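Accompanying notes for the structure given below.
The values are calculated or read from the model by the stated rules, or taken from the named source; none is laboratory data. Please read these numbers as outputs of a predicted model, since none were measured by experiment. Glycine also receives a Cβ, built like all others from the backbone with ideal geometry; neighbour counts cover every protein chain displayed. Surface accessibility is based on the protein's heavy atoms, side chains included, excluding ligands, DNA and RNA. Shrake-Rupley method; radii C 1.70, N 1.55, O 1.52, S 1.80 Å.
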Amino acid sequence: MSSARPISRDAVLEVSRDDLGRTRISEGAVADPPEPGQVTMRIERFALTANNITYGVLGEMLGYWDFFPPPDPAGGWGRIPAMGWAEVVASAAEGVATGGRYYGWFPMGCYCSFVAAAAPHGLRDDSPYRAQQAPVYRSYLETGADPMYGAGGEGAEVEDRHALLRGLFATGFLANDAFAEADYYGASAAIVLSASSKTAIAYAHSARAGGLPELIGLTSARNREFVEGLGLYSQVLTYGDEAAIGPTDAVLIDMAGNGEVLERVHATLGDRLKYSMIVGMSHHDAERGEVSAGPQPQLFFAPAQIEKAIAESGRDAYQRRLAAALGEFITESQDWLRIERSNGPEQALQAYRAVFDGSTPPSVGRIVSLH
C-alpha cells in the first residue's frame, strides 16, 4: 500500500437513502499518491436532472448506490451518480496518464478515486464493488477518443449539453429501438407520460424521426405550453384528461412513475394498450400502485438494449448511429433548453433541492461544480 497524504480537500453531496430530500456536504481528504492501481480524478462539472433522483429511488433495485459508496455505508447516507466531465490528476494505474479528460459517471463531488484499467476509448472502473455493473456504467471516455465527442458541435456549452442530454438521449433512443424492433406491438401511437422530461423529449425525437404516426404526450398544466411548443407531439393532454385519449391501439412509455396516472391510462385503453414500458420516475414522491387493465408494466433497462444493439450491428456501427442522432438532438436542444450553472457546495445543495422539489422548469438544464 502506498503512503497517502492529503493534497486537497474533497467535498461531496450526499443524500439520505431513506429520505432523498435530506442532503449534506461531506468533506474529506484526497490522497496523493493514489493507491496502487487507482486514479484520482478532479470532477469539473456534472449534470443534475430528475433522472438523478430516479437513480436514488431505484438505488437499491438497480445498484446505483454501489457506484460510489461513502466511507461509512452503514451511516445511511449515499452518493447519487451523475454524468459529467473530469480530469485525471494523479495515476497509479498502468497505462493511464495524468491530464486526460473523461466523460462518464461521477459522484456529485470535487474528486473521486477508483481502480482503473486502460480501455480502447478511455478507461474502465475495475473497483471490486463495480464488477457486477453493466459495462456502460463503468466506462470513461477520453475526450480525444470519444466517438460521441463533437456531436452537435464543440465548446464548453456543448459539453454541458452532453452532460445533461447524452445519457438521457441514449435511453430514449434505445427505448424507441426496443419498440421499433417489436413493430410497436402493432400499435400506431405511443403515449408518453411526463412528456416534458428530457428523457421523454429524447424518446419523442427518436420516435418522430422513425416515422411513428402518433405521439400523445401527458404533462402537468404548468408544462403544457412548453410541451406543445416542442412540436414533437401530435396531441398534448394534461393529467386528469386521460379519457380524451383517442380510440387507437397504443404503447405507453412512462417517465413519471405516478401510479394514479398510469392506472387511468391503462383503464382508459384496456386491451387497446399493447405494451406498457416503465423508464423513469420524475414524480418521485407519487405512489406507484397497480394497474387494473391492459398489460403489466415492464421496467426498461437501457444497458441490456445497448448490449443487444452492439451484438446485432457491432459497436462501431451502433456508436455511429447514436452519435448522428445525438448530434441532431443536441443542436435542436438550443431551441428549448437553457443552461444554468451552479458553483460551490452551497449552490450545489440549492440546485439539488430545486430539482428534487420540481421547481426547475423543463426549459432549464442544471450544471453543477462543487469547486
| In degrees, nearest 10, range 0 to 90: what is the angle between the Cα axis of helix 345-356 and the longest Cα principal axis of the chain? | 20 degrees
| query | Using the heavy atoms of the protein chains alone and a 1.4 angstrom probe, what is the accessible area of segment 70-137 per residue in square angstrom? | reply | 39 Å²
| said: Just to confirm the number: angle between the C-alpha axis of helix 198-209 and the first principal axis of the chain, 0 to 90 degrees, nearest 10? | reply: 60 degrees
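Stretch Ala118-Gln132 to full length: gain in nm at 0.36 nm per residue minus the Cα-Cα span? Show your work: numbers first, answer last.
Numbers: separation 14, 0.36 × 14 = 5.04 nm, distance 1.84 nm.
The Ala118-Gln132 span can extend by a further 3.2 nm.
Which order do the peptides 213-225, 164-176, 125-137 take when ranked by the mean count of other beta-carbon atoms within 10 Å per residue, highest first? Intermediate values should be presented prior to the final figure.
On the way: 213-225: 18.6, 164-176: 24.8, 125-137: 15.1.
My ranking of the peptides, most packed first, is 164-176, 213-225, 125-137.
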| message | Run the simple label-point estimate for Gln347 and His371 please: 7 Å along Cα→C-beta, distance reported in nm. | response | 1.3 nm
| query | Comparing Ser16, Ser113, Ser282, which has the greatest mean-square fluctuation in the GNM of the chain with Cα pairs linked when under 10 Å apart? | reply | Ser16
| note | Summing -39500 (n - 2.57) over every DSSP H run of at least 4 residues in the chain and dividing by its residue count gives a helix-only mean residue ellipticity at 222 nm, to the nearest 500 deg cm²/dmol, of -9500 deg cm²/dmol
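With +1 on the Cβ of every Lys and Arg and -1 on the Cβ of every Asp and Glu, and nothing else charged, how large is the dipole of segment 21-127 about its Cα centre, in debye rounded to the nearest 20? Kindly include the intermediate steps, with their values, before the conclusion.
Numbers: 7 positive and 11 negative charges, 79 e Å.
Value, rounded to 20: 380 debye.
Of all accessible surface on segment 200-254 at a 1.4 Å probe, what whole percent is carbon and sulfur? Please list the in-between numbers first.
Details: 990 of 2150 Å².
Of the solvent-accessible surface of segment 200-254, carbon and sulfur hold 46 percent.
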| Label of the coordinate-derived value, volume of the Cα convex hull per residue in Å³, listed as (1) 169; (2) 127; (3) 247 | (2)
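Using mean Cβ contacts within 10 Å as the protection proxy, how do 92-105, 35-48 order, highest first? List each step's numbers first, then the result.
On the way: 92-105: 17.6, 35-48: 21.9.
Sorting 92-105, 35-48 by mean packing, highest first, produces 35-48, 92-105.
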| query | With charges set only on the Cβ (+1 for Lys and Arg, -1 for Asp and Glu), what does the dipole of the chain come to about its Cα centre, in debye to the nearest 20? | reply | 420 debye
| query | Under unit Cβ charges (Lys, Arg +1; Asp, Glu -1), what dipole magnitude, rounded to 20 debye, does segment 101-171 have relative to its Cα centre? | reply | 240 debye
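Run the numbers on the chain and let me know its relative contact order in percent, using alpha-carbon pairs under 8 Å that are six or more apart. Intermediate values should be presented prior to the final figure.
Details: 779 pairs, mean separation 63.1, N = 371.
17 percent.
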| remark: Rounded to the nearest 10, the angle in degrees between the Cα long axis of helix 315-333 and the longest principal axis of the Cα atoms of the chain comes to 70 degrees
| field | Most mobile of Tyr140, Tyr111, Tyr318 in a GNM of the chain (Cα contacts under 10 Å) | value | Tyr318
| Packing rank of 80-89, 64-73, where each peptide gets the mean count of other beta carbons within 10 Å, highest leading | 80-89, 64-73
